[in-house]
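The values are calculated or read from the model by the stated rules, or taken from the named source; none is laboratory data. None of the values given here were measured: they were computed from a predicted structure. No Cβ is skipped: glycine too gets one built from the backbone with ideal geometry, and neighbour counts run over all protein chains shown. For the accessible areas, the whole protein counts, side chains as well, though only heavy atoms, and no ligand, DNA or RNA atoms are used. Shrake-Rupley method; radii C 1.70, N 1.55, O 1.52, S 1.80 Å.
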Amino acid sequence: MGMTKSVSKLTQSVHVGSPGDSLFGGVVNPIFPSAAYNYDEVVRYPRYYNTPNQLAVAEKMAALEHGEAALVFSSGMAAIMTSMMAMLRAGDHIIFQRELYGGTHHAAVHELNRYGITYSMVDAHDPQNFERAIQKNTRVLYLETPSNPLLRITDMAAVARIAKKHGLVTLIDNTFASPVNQNPIDFGIDIVTHSGTKYIGGHSDLCCGIAVASRKLMETITASALHFGGSLDAQTCWLVERSLKTIVLRVQQQNKNALKIAQFLEAESKVTNVYYPGLRSHPGYAIAKRQMPGGFGGMLSFDIKTDTARFIRKLKYIKKAVSLGGVESTITEPVKTSHAKMPEAERKQQGITQRLVRLSVGIEEADDLIQDIKQAL
Ligand SMILES: *Cc1c(COP(=O)(O)O)cnc(C)c1O
């Protein structure tokens, strides 16, 4: 079901890719578990990423991300690595922003050199740092905004302009913002990836990944995806499609809750720093306001004066758990989880302290969450 950008995301999230059941007139798409199809017209096969439930998710995600085409993968890392490797060959160079999701950082450090690919990591606070790091063999600029765990903001349009000037491909991990809040393609970014395990699934009960781009770039990514084989099964695709129908409602509530909690934390004497791009005190506020028209997201971090383990133990509703983007609020200590492997000196330089906690705000009532934080502090 094709829909133009002028149709609201609320409507797209419900209808695009979800025509229902043409056999019995049911309003939801059936699950098509077949791994073997008649081949008279097209060859359909799960690892070809073209079975009906895979296509339903891809269509919906392409619409929500303002792209021409999309693929659904079995994990966020499958989406990221397949998209990245499809753009690179031996002898090429890629520039990452320094503040990266831990898994991507680890993959860059441990995989790329083995394939003859070199990389640089730059401080993305100043987009010019990308340009300064460009070499003759640079092919890809890689961004992540807002970043994990300090919610730093990278100016997407500025990086996209640099890439266009030098004929490079831009790739972004848009997991934290979700397609509800931020559409990087509108700002000139070429390839958008997601860990669908987070806001897209939204219920902390499935693992998937998404890549969205122009038809032409997606053809290149699909060619590699067939070889790497990180496709997703029909049942999980059906759950992802179902989740996407409520993504706008969920994320809007998470945006509202996170802003309210961030404002509460900023005024709280037992909290020393609050990192949330929706706060005027955040150094990336102006850029975030421009490039996140849907909202500032449900992720925030803060430093507390008391012991983090004790604080987390005392929370009643907010669960101690890794991952993020679920309907339930969860909290982590980055030094023990996502950034445990990072050398202390580098953590210190980035501002990731022993007192830092990262909160993924759910869809509960904000005042109940604030009450919970208050009593735990
Ligand atoms: C979780 C996450 C990933 C990896 O996704 P998986 O689904 O776990 O493979 C990548 N980027 C970000 C920002 C994430 O939070």
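Just to be sure before I move on: is residue 151 more than 18 Å from residue 342 (Cβ to Cβ), within 22 Å of the chain's Cα centre (by Cα) and surrounded by 23 or more Cβ atoms within 10 Å (Cβ to Cβ) in the structure I sent? Explain how you work it out, then say what you get.
Details: more than 18 Å from residue 342 (Cβ to Cβ): no; within 22 Å of the chain's Cα centre (by Cα): yes; surrounded by 23 or more Cβ atoms within 10 Å (Cβ to Cβ): yes.
No, not satisfied.
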Subset of segment 79-98 that is open to solvent by 10 Å² or more (accessible area, probe 1.4 Å) and under 28 Å from residue 243 (Cβ atoms) - its residue that is farthest from the ligand (Cβ to nearest atom):
86
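Out of 145, 138, report the one residue that is touching a strand residue (DSSP E or B) at 6+ places or on another chain (Cβ under 6 Å), over 19 Å from residue 219 (Cα atoms) and among the β-branched types (Val, Ile, Thr).
On inspection, the qualifying residue turns out to be 138.
Can you give me the number of residues within segment 192-223 that are part of a strand (DSSP E or B) and within 14 Å of the ligand (Cβ to nearest atom)? Show your work before the answer.
Taking segment 192-223 first, the residues part of a strand (DSSP E or B) are 192-195, 209-213.
Then keep just the ones that are within 14 Å of the ligand (Cβ to nearest atom); that gives 192-195, 209-211.
Selection size over segment 192-223: 7.
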Residue count for segment 288-333, restricted to those that are within 18 Å of the chain's Cα centre (by Cα), β-branched (Val, Ile, Thr) and either open to solvent by 30 Å² or more (accessible area, probe 1.4 Å) or away from the ligand (no atom under 16 Å from the Cβ) (or both)
2
Output for segment 30-67, where each listed residue is in contact with a Lys or Arg (Cβ under 7 Å, 6 or more places away or on another chain) and farther than 11 Å from residue 234 by Cβ:
37, 50, 64, 66
Take the residues of segment 226-285 that are part of a loop (DSSP other than H, G, I, E, B) and of a type in the set (A, V, I, L, M): which is farthest from residue 144 (Cα to Cα)?
267
So, in segment 101-136, exactly how many residues are more than 14 Å from residue 84 (Cβ to Cβ), surrounded by fewer than 13 Cβ atoms within 10 Å (Cβ to Cβ) and either touching a residue at least 40 places away in the same chain (Cβ under 8 Å) or within 16 Å of the ligand (Cβ to nearest atom) (or both)?
1
Can you name every residue in segment 163-172 that is open to solvent by 10 Å² or more (accessible area, probe 1.4 Å) and either within 16 Å of the ligand (Cβ to nearest atom) or within 14 Å of residue 142 (Cβ to Cβ) (or both)?
168, 169
In this structure, does residue 68 turn out to be over 29 Å from residue 324 (Cβ atoms) and either among the charged types (D, E, K, R) or in contact (Cβ under 8 Å) with a residue 24 or more places away in the chain (or both)?
no
Checking residue 76 against (1) open to solvent by 40 Å² or more (accessible area, probe 1.4 Å); (2) within 14 Å of the ligand (Cβ to nearest atom), which single condition isn't satisfied?
(1)
